[in-house]
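Q: Below you will find the structure I want to go over with you.
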Amino acid sequence: MFKKADGFTLIELLVAVFILTVAISGVLSSFPLGTKIGSSAQLSSVASQLAQAKIEETISKSYDEIVIGEETEAYGSISAFPRYKRVTEVTCYDPNGSALSPNCPEAGIKKVNVFLYWKSLLGAPEISFNIATLIVNK
């Protein structure tokens with residue numbers, strides 16, 4: 001009679017190739033998302049460094065040179081970092097919570113807030129990062 005043939009039939013081979021193709025394409029489709037997530041983490045890290053740089057720049061000045069108010073550096077105005085917007089707010093700070101005049105004579109403490117904004121690569125709205133410090137009149 002018939003002898004049993006060793007090996008695969010053409011149909012079995014086509015089904016195996018199809019299953020393998022679907023599995024590989026599923027794995028490969030996750031790579032672009034992973035790249036975007038990695039880039040998003042890098043943008044966040046750069047934002048942290050830019051905020052810290054502004055804090056360092058501010059505290060390197062004398063107490064009287066630090067002006068009360070708000071400074072905004074719009075998108076594209078921070079050299080080499082066009083994806084970011086930076087807002088620096090300097091206010092008087094009273095640890096007791098009472099109102100202070102704008103020139104901070106009572107407590108002699110200024111609070112510096114730096115806000116960094118950037119647009120996410122993942123399609124989310126504008127993301128922000130905030131860092132603050134206190135500066136005391138010595």
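Q: What's the local net charge at Glu73, with K and R +1, D and E -1, over the other residues with C-beta under 13 Å away? Could the numbers behind the result be given before it?
A: Values: positive: Lys54, Arg83, Lys85, Arg86; negative: Glu57, Glu70, Glu71, Glu89.
Around Glu73, the surrounding residues sum to 0.
Q: Rounded to two decimals, what is Rg over Rh for the range 10-136 when you use alpha-carbon atoms and the Kirkwood radius?
A: Working: Rg = 24.2 Å, Rh = 18.1 Å.
On the Cα set of the range 10-136, Rg over Rh gives 1.34.
Q: Note down the nm distance, to one decimal, between modelled labels 7 Å out along Cα→Cβ at Ser77 and at Ala41.
A: 3.3 nm
Q: Within the chain, how many lysine pairs that are 8 or more places apart, or on different chains, have C-alpha atoms less than 23 Å apart?
A: Eligible lysine pairs with Cα atoms under 23 Å apart amount to 16.
Q: Any chance you could give the angle, 0 to 90 degrees and rounded to 10, that helix 30-59 forms with the longest Cα principal axis of the chain?
A: Once rounded, one gets 10 degrees.
Q: Using the Cα centre as the reference, give the magnitude of the dipole from point charges on the C-beta atoms of the chain (Lys, Arg: +1; Asp, Glu: -1; all else neutral), rounded to the nearest 20 debye. Numbers along the way, then the final one.
A: Details: 12 positive and 13 negative charges, 129 e Å.
About 620 debye.
Q: Choose one of Tyr117, Ser128, Gly38: the residue whose Cα lies farthest towards the positive end of the charge dipole of the chain (beta-carbon charges +1 Lys, Arg; -1 Asp, Glu; about the Cα centre).
A: Final value for the positive-end residue is Gly38.
Q: How far is helix 10-28 tilted off the main Cα axis of the chain, in degrees rounded to 10, range 0 to 90?
A: The answer is roughly 0 degrees.
Every read-out reported here was derived from the displayed coordinates using simple, explicitly stated rules and does not represent laboratory data. The model shown is predicted, which means the values in this text are computed figures rather than measured ones. No Cβ is skipped: glycine too gets one built from the backbone with ideal geometry, and neighbour counts run over all protein chains shown.
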